[in-house]
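In what follows, a single structure is set out as structure tokens and then discussed.
Just so it is clear, none of the values below were taken in a lab; they were calculated from the coordinates. Given the structure is predicted, the values throughout are model-derived calculations rather than measurements. Here the Cβ positions follow ideal geometry from the backbone for every residue, glycine too, while neighbour counts run over all protein chains shown.
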Amino acid sequence: MKSHQLLRCIFPDVLADYFDVVDIHERVSQFDFWLDERNFMEKSDHKLGTVSSYGFTSERVIQDFPLHGKAVYLHVRRRKWRDSSNGEYLLIHMMTWR
């Protein structure tokens, strides 16, 4: 099973649309999922081709609903972008996730 299929079975579609599963660890009392934002930018976010991927933000840990009686923790890294025309670093907000 591919990572995006797994995400769609367990989490909201927005995760499968914008994130890849990098790693999964199962412990006695919890599951940990490491998710990295995909290297994807909407056409409306392009700035004449001057914006490119530039690494990731620090990891954020989010506790989600339990699976099979175990706590679930999402270790999420958002992609950073750099505009080479002005040297500005930015986050592209492709989605709202609360």
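Less than 13 Å Cβ to Cβ from Val72, Lys/Arg counted +1 and Asp/Glu -1: what total charge do the surrounding residues give?
That works out to -1.
Hey, can you rank 15-26, 57-68, 72-83 by average C-beta count inside 10 Å, highest first?
72-83, 15-26, 57-68
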